[in-house]
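Worksheet: the structure to be examined is printed underneath.
The values are calculated or read from the model by the stated rules, or taken from the named source; none is laboratory data. Remember, it's a predicted structure, so these values are computed and weren't measured experimentally. Quick reminder, even Gly has a Cβ in these numbers, built from the backbone with ideal geometry, and neighbours come from all protein chains shown.
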Amino acid sequence: MYAPQEDTALLSAALADEPLAPGVAVLDVGTGSGALALAAARRGARVTAVDVSRRAVCAARLNALRAGLPVRVLRGNLFEPVRGRSFDLVLANPPYVPAPGAHRPPRGAARAWDAGGDGRLVLDRICHEAPGMLRPGGVLLLVQSALSDPGRTVDCLRSAGLKAAVTQRRRIAFGPVLRTRVEWLRERGLLSPDESEEELVVIRAERPV
């Protein structure tokens with residue numbers, strides 16, 4: 001299981017900026033260890049968390065139990081376990097790192113970060129499916145890398161009828177995954193020769209009332 005990283009911290013900061021009325025319905029998709037789900041539950045939200053990884057589901061359930069917070073944790077692929085439901089807030093920290101060998105689906109721990117040749121294997125699914133999970137006035141908060149085209153994410157969400165924009169940015173040093181792919185990313189034109197940092201962004205998208 002992938003431990004929380006800088007992207008989780010950035011999305012957590014965006015979550016802290018959102019007004020949450022007691023009892024609002026929150027979905028944390030790709031919950032990992034459950035850090036964001038717990039943060040929302042501490043503010044009185046009714047939280048459902050989903051992850052495709054058995055280890056992540058076990059960890060999130062254990063962390064919720066230890067914290068004494070009533071988070072419902074389900075195993076499944078993105079929105080499949082919550083079909084037919086809608087939410088006031090959807091949190092998403094999906095895999096978004098461009099990966100060589102895009103014809104092969106990611107396996108094992110790499111499912112937490114590898115996302116096809118352009119980094120959009122899961123992002124495009126979220127753009128397509130998340131708008132239908134939001135109640136009127138509901139908000140999607142999504143974190144991704146600038147390497148996987150935030151502008152395309154914003155455009156897709158706007159095309160679905162949401163008000164969408166980048167609301168947070170943070171530059172960080174390359175992590176262990178990107179360090180192994182620097183040359184490949186430069187060959188693809190995704191990194192310039194002098195770049196040594198990655199930019200993370202949070203996109204906020206709201207369904208009109």
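Points to keep in mind about this one:
- With respect to the stated conditions, PRO95 fails to be more than 27 Å from THR48 (Cβ to Cβ), in contact with a Phe, Trp or Tyr (Cβ under 8 Å, 6 or more places away or on another chain) and in a loop (DSSP other than H, G, I, E, B).
- Here ALA99 clears all of (1) crowded, with 17+ Cβ neighbours inside 10 Å; (2) over 14 Å from the mean Cα position of the chain (by Cα); (3) within 16 Å of VAL29 (Cβ to Cβ) except the condition numbered (3).
- Single residue of ILE126, ILE203 found to be under 21 Å from ALA16 (Cα atoms), β-branched (Val, Ile, Thr) and touching a strand residue (DSSP E or B) at 6+ places or on another chain (Cβ under 8 Å): ILE203
- Here the helices (runs of 4 or more DSSP H) wholly within the stretch 1-80 that include at least 3 residues being surrounded by fewer than 19 Cβ atoms within 10 Å (Cβ to Cβ) and out of contact with any Lys or Arg (no Cβ under 8 Å at 6 or more places or on another chain) are 6-17, 54-67.
- Tally, over the stretch 145-173, of residues that are small (Gly, Ala, Ser) and in contact with a Pro (Cβ under 6 Å, 6 or more places away or on another chain): 1
- Filter result (modelled with pLDDT of 95 or more and within 19 Å of PRO95 (Cα to Cα)) within the stretch 16-30: LEU27, ASP28, VAL29
- Members of the stretch 164-209 found to be more than 14 Å from GLN144 (Cβ to Cβ), surrounded by 13 or more Cβ atoms within 10 Å (Cβ to Cβ) and of a type in the set (Lys, Arg), listed by number: ARG181, ARG186, ARG188, ARG207
- Test result for ALA164, in contact with a helix residue (DSSP H, G or I) (Cβ under 6 Å, 6 or more places away or on another chain) and among the aliphatic types (A, V, I, L, M): yes
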